Amino acid sequence: MRIRATVAAVTGALALSAFAVPAAQADDGRSWNRDHAFTAPQPSAGEKSQRAFAATEYGNGKITSAVVNGGKPIVVGTKSKQTVPYTVTATDDSGIAGAAAFIWIGSSIDDEDSFGFGPNEKSISCKAVNSTTTTCKGTITLDPSFLVNSDATWWRVGAAAGANDGEELSRDVVSKVRVQRFSKLTVNASPEPVKKGKTITVTGKLTRANWDTGTYKGYSKQSVKLQFKKKGAKSYTTVKTVKTSSTGTLKTTVKASADGYWRYSFAGTPSTPAVSAAGDYLDVK
């Protein structure tokens, strides 16, 4: 899919003419492929010439920054859509009527296989910094039904703006934002209660969103810390490191020494965020 984004000032309002915005009416959430849901029209030769002329005629506008989700990773599960904020700042001698951001993935924005999410049009609001510079804010919504596991990587942040003199400004890549697969982690310490000095077994499971299937699947061969917090203490201490099985399960044994909370803690990977299980309290007699 090709992604184009243009923003124009029309009677003082922001007009989004070709942002790639997801269609929400897929029959079962996955019956439409990504091309079907996000196809955006390409400019004609005449439109390209007009844009080139405008850039030559005016040529003093610039998009200076575009940040999505405050620069933090966007973590997406399997069912719920994830809406995140963005901020775009642009400048032009004539002033800026409005601006918006979009995110996309692919080798080139013009490639058939490129894919992206555009701004929620009603979310856009702008505030002038001075007579030439304006900062606009809004939101972008990611729909997990259109994601595949390989999308858990860096996405490019692009932006477009409309100047008061009619110039259209755009930058395909202003910054980057990482998209990650939501993770879950459980823990259970047993038996309980247990006598001091006896062996306990601590089990758990690390799973993460599988966008290919719309389910959660065990995250295999990952190092996870087993941690303990003594009753009355303020923080956890790492006892040992355990690796997940081929299905994401965790199991290890330790000696019970005192009342307290046991948990597993995962540091995360580039595709998957860090997560810690809620502590499981163990009563030691």
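The values are calculated or read from the model by the stated rules, or taken from the named source; none is laboratory data. Keep in mind it's a predicted model, so treat the numbers as computed, not measured. FYI the Cβ positions are ideal-geometry reconstructions off the backbone, even for glycines, and counts take in every protein chain you see. These area figures cover heavy atoms from the full protein model, side chains too; ligands, DNA and RNA do not enter into them. Shrake-Rupley method; radii C 1.70, N 1.55, O 1.52, S 1.80 Å.
From the alpha carbon centroid of region 169-205 to that of region 59-114 is 30 Å. Expressed as a fraction of 2.2 N^0.38 Å, the value expected for a compact globular protein of N residues, the C-alpha radius of gyration of region 177-285 is 1.13. Over 26 Å apart at the Cα level, from the set LYS184/LYS221; LYS221/LYS285; LYS62/LYS137; LYS198/LYS243; LYS243/LYS285, are LYS221/LYS285; LYS243/LYS285. Our compactness index for region 54-179, the C-alpha radius of gyration over the empirical 2.2 N^0.38 Å, is 1.09.
Extension gain, VAL239-ASN149: 0.36 nm per intervening residue step, less the Cα-Cα distance, totals 29.1 nm. Here region 103-157 is treated as an ellipsoid with the same Cα gyration tensor; its semi-axes, largest first and in whole Å, are 28, 14, 9. Rg/Rh for region 125-239 (Cα atoms only, Rh after Kirkwood) is 1.22.
Think of each Lys and Arg Cβ as +1 and each Asp and Glu Cβ as -1; about the Cα centre, that makes the dipole of region 239-285 roughly 200 debye.
Average accessible surface for region 140-285: 47 Å² per residue, computed with a 1.4 Å probe over protein heavy atoms with every protein chain in place. Please report the base-10 log of the normalised intensity I(q)/I(0) for region 137-179, using a Debye sum with one equal scatterer per alpha carbon and no solvent, at each q in 0.19 (1/Å). For region 137-179, the Cα-only Debye profile gives -0.74.
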